[in-house]
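First the structure, then my questions, so here it is.
The values are calculated or read from the model by the stated rules, or taken from the named source; none is laboratory data. Predicted model, so just to flag it, every value in this text is computed and none were measured. So basically every Cβ, Gly included, is an ideal-geometry build from the backbone, and we count neighbours across all protein chains shown.
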Amino acid sequence: MTAASATGATIDYTTNAAGTEFVPSDSLVLNSVSGASATLTFTPNGPSSVMAPPGTEIDLGNFTLVCNACSALASAHFNAFTFDIVLTECANAACTGSPLAIGEWVGTAAAGNVFSDNTSLIISFTPMQLGTGTNNATSGNFGTTDFVIADSGIVDIVAPNSGSTPGETTVQALVDSDPPSTPEPATLSLIGGGLLGLGLLRRKAARRS
């Protein structure tokens, strides 16, 4: 990640954009293909604002795994799948108008089984980092901001009966943003003093000529 100031800058972002979806179904819901009936649903994160000193953690959205008929013995089966998370860095808190930049994480998962208390579904996202500048941007420029997907891009989907909210897995990223640098008052005083000195020297030189 890039070096940032202690305070960072306010950034606005959302993952609730076209392209955040299971592929190729173009949907936010994935259904099991055999065994018990189950669904894996993604809820994107809507427009959000955050101060971004180094290492600030943000939510990209939540996966929710539901299998009412699953038990310790009865399972649901999912085929291998791909899921894309499109992140938009917005120009304002409401995420209206033209975005500053857009990037995409692509997640792949092998086929797996889901029981009531455990699951083998693991999603691996790449690339690790979006930004700074045009790094892994599909459009626009992230400027001094970068987003690094957490846990090395590995998301373990929790079982339907697991987690503080049963079946819910939050996808997170670390964000870092440098605000535009501004000279400190002492620096401005030195610059002003230097310019004043140059002006006096020029006046003296003009009088001698």
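Is there any pair with a first residue in segment 103-128 that is farther than 13 Å from ILE85 by Cβ and a second that is acidic (Asp, Glu) and modelled with pLDDT of 95 or more whose Cβ atoms are under 7 Å apart and which are 6 or more apart or on different chains, and what are they?
Cβ pairs passing all conditions: ILE122/ASP156.
Determine whether segment 109-120 contains at least one residue that is under 19 Å from LEU65 (Cβ atoms), among the aliphatic types (A, V, I, L, M) and touching an Asp or Glu at 6+ places or on another chain (Cβ under 8 Å).
Checked segment 109-120: no residue is under 19 Å from LEU65 (Cβ atoms), among the aliphatic types (A, V, I, L, M) and touching an Asp or Glu at 6+ places or on another chain (Cβ under 8 Å).
Further question on the same structure: Going by what's in this entry, would THR64 be described as surrounded by 19 or more Cβ atoms within 10 Å (Cβ to Cβ), at pLDDT 95 or above and more than 16 Å from the chain's Cα centre (by Cα)?
Yes, satisfied.
Give me the pairs: first residue in segment 66-93 and without any contact (Cβ under 8 Å) to a residue 60 or more places away in the chain and under 14 Å from ASN113 (Cβ atoms), second residue among the β-branched types (Val, Ile, Thr) and surrounded by fewer than 15 Cβ atoms within 10 Å (Cβ to Cβ), beta-carbon distance under 7 Å, and six or more apart or on different chains, which are they?
HIS77/VAL33; PHE78/VAL33; ASN79/VAL33
Another one. Within segment 137-169, which residues are farther than 22 Å from GLU57 by Cβ and of a type outside the set (S, T, N, Q)? Steps first, answer last, please.
Step one: of segment 137-169, the residues farther than 22 Å from GLU57 by Cβ are 138-141, 159-161, 166.
Correct list: GLY140, ALA159, PRO160, PRO166.
Based on this model, can you work out whether LEU87 counts as over 24 Å from THR165 (Cα atoms) and part of a strand (DSSP E or B)?
Against the criterion (over 24 Å from THR165 (Cα atoms) and part of a strand (DSSP E or B)), LEU87 qualifies.
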